[in-house]
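Worksheet: one structure, shown below.
The values are calculated or read from the model by the stated rules, or taken from the named source; none is laboratory data. These figures come from a predicted structure and were not determined experimentally. Glycine also receives a Cβ, built like all others from the backbone with ideal geometry; neighbour counts cover every protein chain displayed.
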């Protein structure tokens, strides 16, 4: 267990933890934005402000898509590399 938390694997675990934390934060932020998004709006002339707010919200959701995908892919890839290195290290150490 000590080998897992020290050296390169320990550093990789910290980086993975930070990436995963940021990913979860972005997913939570997107969930908050989606909860405010209207699926269907019926506007009259006096409600142009709501339409503008809705366009801003959709723009924010569009901008979040790429960072969420990138952080998710990085997080999953990094944990897979960590697991492979941990197994490789375990198989190559003498008991």
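Against the condition modelled with pLDDT under 85, assigned to a helix (DSSP H, G or I), touching a helix residue (DSSP H, G or I) at 6+ places or on another chain (Cβ under 8 Å) and surrounded by 13 or more Cβ atoms within 10 Å (Cβ to Cβ), how does residue 27 come out, does it pass?
Judged against the criteria, residue 27 is not a match.
So which of 32, 18, 14, 56 ends up being at pLDDT 95 or above and assigned to a helix (DSSP H, G or I)?
18
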